[in-house]
Amino acid sequence: MTDVIRLGPELALLIAAGLIVLMDIALPVSREAARTKRALGFALALAGVAGSIGWSAVLIAADEQGEAFSGTLVVDDFSLFFNFLLAGITGMIVLASADLLARTRFHAEYLALVLASATGMMLMAGAVDLIAIFVALELQSICLYVLVGFLKDSRSAEASLKYLLLGAVSTALTLYGMAYLFGLSGATGLRDIAEFVSASGGDSGTRAALVLATVFLAAGLGFKMAVVPFQMWVPDVYQGAPTPVTAYLSVASKAAGFAVVMRIFLVALGEGLISSDWATMFAVIAAVSMTAGNLMALVQTDIKRMLGYSSIAQAGTFLIGLAAVAAQDPQLLLGASSVVFFLGAYAFTNLGAFIAVIAISQKIASDEIADYAGVAKRSPWLAAGLAACLISLTGIPPTAGFIAKVYVFNAAVQADLVWLALIGVLNGVVSAYYYLRVVLNMYAQEPASEETFQPSLSLGVAMAIAVAGMFLIGIYPNPLIQASESAAAVFG
Amino acid sequence: MLPEWGQVGFLLLLALLFPIGGIGFSWLLGRLGIRPERPDRVKEDTYECGVETEGTAWVQFNFRYYYFALLFVIFDVEAVFLYPWAVSPQRLAVAGFVEVLTFVAILFIGLAYAWRKKALEWL
Amino acid sequence: MIPINDFLVLSAILFSLGMYGVLARRSAVLILMSVELMLQAVSINFITFAVYLSPEQFTGVIFALFVITVAAAEVGLALAIILRLYRNKQTANVDEADIMKW
């Protein structure tokens, strides 16, 4: 029974998803019923998210931590942090999807898939066994493949196909790495693998095989994190997918991907000998991702594509934190906690930006940056929100993005990676160009029409939460810093 | 290594010999003039359980087959998880039984969904 | 007993063939088959390790079971998406799926 209690946050989402599907089957098919179904599905989804958050809070209050299901899952500060983060993101995405749902027949499917993939993501953060990690990864990915192809147009189908084929290849690569880890250590538990690595990782033959497995794992998981050179799916998928799904991909899926990477690399492969190999690898990937992402973002004309490339650059910035993880314990914690903090800060910022894009783009019926001209005159609040989020993405105070960048660069400098921090700062300057171009476009240009518009209620609420959270973290970051430090302490 | 695989190799040899021998013997009889050879259209036709063939094999299948194929693949493969439980239900006790019931219930929701969405009907 | 290396080499060859197929093929269906080849290569690896290194445990075999079921789900979904693309564009070739380009 303890097992089930510890699985509570995931179960709440899964049960909500199941109920939504059952509700869809049970109610009759008619126009009036469709409206009830939509409202009911919406309520059930939000109830599931609330239940999940509530259960996580209960787990904290009852201090119910430890392993579950014979050591395949674990409840600790790290997984609880991600439970809150992912459930919060899912709730925001459900709110942001209201306008999309009004235009489609498949409400139940959409909501159930969002909740199921959120379950997968939470399991990714909590899994400490290779089998569980693999199943969680796939639960998340397969739901997302469907969500990306949710629209009826061929652009959405094309995005979905590209995402699926590349995702399947990345799964195969990850699995190949896992197979060798399993073959070398004879175990699938991350702790057991860690024991093996520290016992016989010094042997040169074993070490070569371990490095091979590490490279395969990093390649496969690189797709999920969307870092160069595994980023080619990002712009197409971001552009083709429905915008709420794009936001979901760029925030939740990325956070869960980093959670898995931190679990595998810091727990199983954290032993000094091996970690010195992958720390350098991550440093190089981080530098290339930031530079390539930002340079490509400069020339984009579609705002979703631009945010896609910028998310590649952001992923590179996260990786700085991982690269900063050195053998010594205090630095390990600083690097890890900087990544966790950045993921939290980035979630609010990016969600805010995407929600604003959803609201604006559906009114002006275009994703082109040029068509954002003069939006500030037509919808001052939305324009202000989007501008604030873009400023936060650039890393200008007093926003969450500024604190997050300072935190990560500090970790890099502490770990003697000054060159990496310098590249990061330079990239921040480059990124200012394309972020602020959008802001300038909205404020300095003349609008195409004088008609003003407002976002729908649920979009407005989601937007307000995101922007408020972003400024709150920017002005008073201590609670989140403490939370991410205690989450990172799991790896100590 | 060889003795272990020898049996498989022997079987392979036998399996090859059987059809080659039959066809070869028939060909030999034909060459010697013992076997009569009077081809006609029906004899030359592709053998398909005795039914007359119609058109080529390269036709586009009705894509409704796809729904059935898909459902079959999914449910067929998911059934694989029942085997590990089925071989030791005693040892897995009540907890195992509940888990299997949960699993089947989730599959059943999927089936009910497909049914309700008319994926099981030949429209 | 056949040396374990034979199986690992077999799996590596299958995996590389699959990778080649993914990179070289144009038809989405053939790419999908190549991906399956890669996944089955991994399954061979898992079962080999399970049989040779820890025959008293079934971890590797169970891992292979999960790989198989997930692969089935993925193929079902991929075929559905290819079908959708085919209805929209009358082709299943990935290099003709090029509405979005950088």
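The values are calculated or read from the model by the stated rules, or taken from the named source; none is laboratory data. Model, not experiment: these values are computed from the prediction. Note: ideal-geometry Cβ built from the backbone for every residue, glycine included; neighbour counts use all protein chains shown.
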Q. For C:Leu32, are the conditions met, namely being within 15 Å of the chain's Cα centre (by Cα), surrounded by fewer than 21 Cβ atoms within 10 Å (Cβ to Cβ), modelled with pLDDT of 90 or more and among the aliphatic types (A, V, I, L, M)?
A. no
Q) Which pairs do you get when a residue that is within 11 Å of A:Ala376 (Cβ to Cβ), found in segment A:432-443, comes within reach of a residue that is small (Gly, Ala, Ser) and surrounded by fewer than 17 Cβ atoms within 10 Å (Cβ to Cβ), reach meaning Cβ atoms under 7 angstrom, with the pair 6+ apart or on two chains? A) none
Q. When you look at A:Leu113, is it within 14 Å of chain C (Cβ to nearest Cβ), surrounded by 24 or more Cβ atoms within 10 Å (Cβ to Cβ) and either in a helix (DSSP H, G or I) or over 17 Å from the mean Cα position of the chain (by Cα) (or both), yes or no?
A. no
Q: Pairs only if they're at least six apart or on different chains, beta carbon under 6 angstrom, first in segment C:41-60 and at the interface with another protein chain (Cβ under 8 Å from one of its Cβ atoms), second surrounded by 15 or more Cβ atoms within 10 Å (Cβ to Cβ) and not in a helix (DSSP H, G or I); list them, first residue then second.
A: C:Leu53/A:Gly186; C:Ser54/A:Gly186; C:Thr59/A:Thr188
Q.
Step by step: first the residues of segment A:350-385, then only those that are modelled with pLDDT of 85 or more and among the aromatic types (Phe, Trp, Tyr), then the one that is surrounded by the most Cβ atoms within 10 Å (Cβ to Cβ). Which residue is that?
A. A:Phe354
**Q.** When residues of segment B:1-25 are limited to those that are over 30 Å from the mean Cα position of the chain (by Cα) and exposed (fewer than 11 other Cβ atoms within 10 Å of the Cβ), the one nearest to the other protein chains (Cβ to nearest Cβ)
**A.** B:Met1
Q: Could you pull out the residue among A:Leu426, A:Leu422, A:Leu472, A:Leu459 that is at negative phi, in a helix (DSSP H, G or I) and modelled with pLDDT under 90?
A: A:Leu459
**Q.** For A:Ser160: the one exception among (1) within 8 Å of chain C (Cβ to nearest Cβ); (2) over 21 Å from A:Tyr238 (Cβ atoms)
**A.** (2)
Q. Does A:Tyr434 satisfy being over 21 Å from the mean Cα position of the chain (by Cα) and either crowded, with 18+ Cβ neighbours inside 10 Å or under 22 Å from A:Ile320 (Cβ atoms) (or both)?
A. yes
Q | segment A:20-36 residues that are closer than 15 Å to B:Trp115 by Cβ, paired with ones that are surrounded by 14 or more Cβ atoms within 10 Å (Cβ to Cβ) and among the small types (Gly, Ala, Ser) (beta carbon under 7 Å, 6 or more apart) | A | A:Val21/A:Ala108; A:Val21/A:Ala112; A:Asp24/A:Ala108; A:Ile25/B:Ala112
Q | Residue count for segment B:65-83, restricted to those that are in contact with a helix residue (DSSP H, G or I) (Cβ under 7 Å, 6 or more places away or on another chain), more than 14 Å from B:Gly110 (Cα to Cα) and not hydrophobic (A, V, I, L, M, F, W, C) | A | 1
Q.
Looking only at segment C:17-29, how many residues end up being over 18 Å from A:Thr174 (Cβ atoms) and either facing another protein chain (nearest Cβ under 8 Å) or at pLDDT 90 or above (or both)?
A. 4
Q. Out of curiosity, is A:Gly120 within 14 Å of chain C (Cβ to nearest Cβ) and assigned to a helix (DSSP H, G or I)?
A. yes
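Here's the yes/no breakdown for (1) more than 8 Å from chain A (Cβ to nearest Cβ); (2) under 10 Å from the mean Cα position of the chain (by Cα); (3) buried (at least 18 other Cβ atoms within 10 Å of the Cβ); (4) under 30 Å from B:Arg64 (Cα atoms):
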| residue | (1), (2), (3), (4) |
| --- | --- |
| C:Ile4 | yes, no, no, no |
| C:Ala64 | yes, no, yes, no |
| C:Val67 | no, yes, yes, yes |
| C:Ala71 | yes, yes, yes, yes |
Q) If you take the residues of segment A:224-282 that are small (Gly, Ala, Ser) and not in a helix (DSSP H, G or I), which of them is modelled with the highest pLDDT? A) A:Ala241
Q: Considering each of A:Glu451, A:Glu485 in turn, give the residue that is over 18 Å from A:Tyr372 (Cβ atoms) and acidic (Asp, Glu).
A: A:Glu485
Q) Considering segment A:178-219 alone, what residues qualify as being within 19 Å of A:Ser276 (Cα to Cα), within 28 Å of the chain's Cα centre (by Cα) and either outside any helix (DSSP H, G or I) or β-branched (Val, Ile, Thr) (or both)? A) A:Ile193, A:Val211, A:Thr214, A:Val215
Q: For segment A:4-32, enumerate the residues that are away from chain B (no Cβ under 13 Å), within 18 Å of A:Thr104 (Cα to Cα) and in a helix (DSSP H, G or I).
A: A:Arg31, A:Glu32
Q: Mind listing whichever residues of segment A:273-314 are within 19 Å of the chain's Cα centre (by Cα) and within 18 Å of A:Val215 (Cα to Cα)?
A: A:Phe282, A:Ile285, A:Ala286, A:Ser289
Q: Taking the options B:Val80, B:Val59, B:Val73, name whichever one is exposed (fewer than 10 other Cβ atoms within 10 Å of the Cβ) and not assigned by TED's automatic domain parsing to the domain that holds B:Gly22.
A: B:Val59
Q) Among the candidates B:Thr46, B:Thr53, which residue alone is surrounded by 10 or more Cβ atoms within 10 Å (Cβ to Cβ), of a type in the set (Ser, Thr, Tyr), assigned to a loop (DSSP other than H, G, I, E, B) and at pLDDT below 85? A) B:Thr53
Q. Quick check, is C:Gln90 within 9 Å of another protein chain (Cβ to nearest Cβ) and either at pLDDT below 90 or in contact with a Pro (Cβ under 7 Å, 6 or more places away or on another chain) (or both)?
A. no
